[in-house]
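Reading through the structure tokens given below for one structure.
The values are calculated or read from the model by the stated rules, or taken from the named source; none is laboratory data. Predicted model, so just to flag it, every value in this text is computed and none were measured. Note: ideal-geometry Cβ built from the backbone for every residue, glycine included; neighbour counts use all protein chains shown.
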Amino acid sequence: MATASSSTKKAAKLAKQGSGKKVRFQGGTVFPLAVAITLIVGLGLIVYARQSQPAADATPPVVNDHWHMAYGFYLCDSWYSFQGALEERDSNGNLANRKYLRTTIHSHDDGVIHWHPYTTVATGKRAKLGVFIDNYNTELRDDRIVFPEGIVLLDSNQNPVALPQSEWIEGETQCNGENAELSVVKWDYTTDLDGDGQRYIANMEQIHIVHF
């Protein structure tokens with residue numbers, strides 16, 4: 001069962017995963033952007049929450065900001081993150097991922113979202129969790145998360161693991177013999193990881209990326 005305590009402890013571990021990656025944070029403080037975003041497929045009590053949208057399109061992030069957020073997928077009883085930085089080039093030296101080229105939002109095999117938009121596609125109120133998810137050709141809906149067929153993710157030890165299935169559906173996918181539930185839990189600061197965080201069960205791809 002995905003209890004609040006087990007989820008937050010694992011999220012704290014994810015937040016620390018990038019500690020040896022020489023990630024540079026904007027603003028000069030130790031960890032000025034400490035947002036932990038966790039996508040959970042598991043069992044537990046759902047707390048209803050709704051997403052509020054930023055009021056103005058001029059809200060941060062803006063082009064050339066560089067923010068970082070810990071994230072992870074908790075699928076039944078294990079943590080995973082995306083593999084690949086999306087910056088890989090083909091034999092002709094061209095970026096292979098066109099979605100990445102439009103937004104430049106990606107990760108570095110470190111359990112951290114690197115949000116440094118070079119276009120307005122991922123700025124202001126357009127800076128949403130779904131931009132990052134979509135760049136990895138993954139679909140997040142209210143009742144399911146769909147990975148590309150045959151996708152290989154990284155486990156909590158950063159080892160590549162092939163998922164047993166590409167589609168995880170709320171009420172159909174079984175976790176430990178019970179129907180799974182899909183939600184996103186967001187913590188604004190790493191110091192908040194001992195708490196329950198803010199849980200979303202709808203419009204999860206619309207969660208706004210903000211700077212604290």
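The number of residues in segment 135-155 that are farther than 17 Å from Y100 by Cα and touching a Ser or Thr at 6+ places or on another chain (Cβ under 6 Å) comes to 2.
Residues checked against (1) under 30 Å from Q174 (Cα atoms); (2) modelled with pLDDT under 90; (3) assigned to a strand (DSSP E or B):
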site: F31; (1), (2), (3): no, yes, no
site: T38; (1), (2), (3): yes, yes, yes
site: Y48; (1), (2), (3): yes, yes, no
site: Q51; (1), (2), (3): yes, yes, no
site: N64; (1), (2), (3): no, yes, no
site: Y74; (1), (2), (3): yes, no, yes
site: N92; (1), (2), (3): no, yes, no
site: R102; (1), (2), (3): no, yes, no
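Only strands (runs of 3 or more DSSP E) whose full extent lies in segment 151-196 are considered here, and none of them has at least 2 residues that are under 21 Å from S107 (Cα atoms) and modelled with pLDDT under 90. When restricted to residues that are more than 17 Å from the chain's Cα centre (by Cα) and in contact (Cβ under 8 Å) with a residue 12 or more places away in the chain, segment 151-162 contains 3. Scanning segment 102-120 for residues that are surrounded by fewer than 15 Cβ atoms within 10 Å (Cβ to Cβ) and of a type outside the set (S, T, N, Q) gives a single hit, Y118. Only residues that are surrounded by fewer than 17 Cβ atoms within 10 Å (Cβ to Cβ) and in contact (Cβ under 8 Å) with a residue 40 or more places away in the chain: list them for segment 131-150, please. Of everything in segment 131-150, those that are surrounded by fewer than 17 Cβ atoms within 10 Å (Cβ to Cβ) and in contact (Cβ under 8 Å) with a residue 40 or more places away in the chain turn out to be R141, D142.
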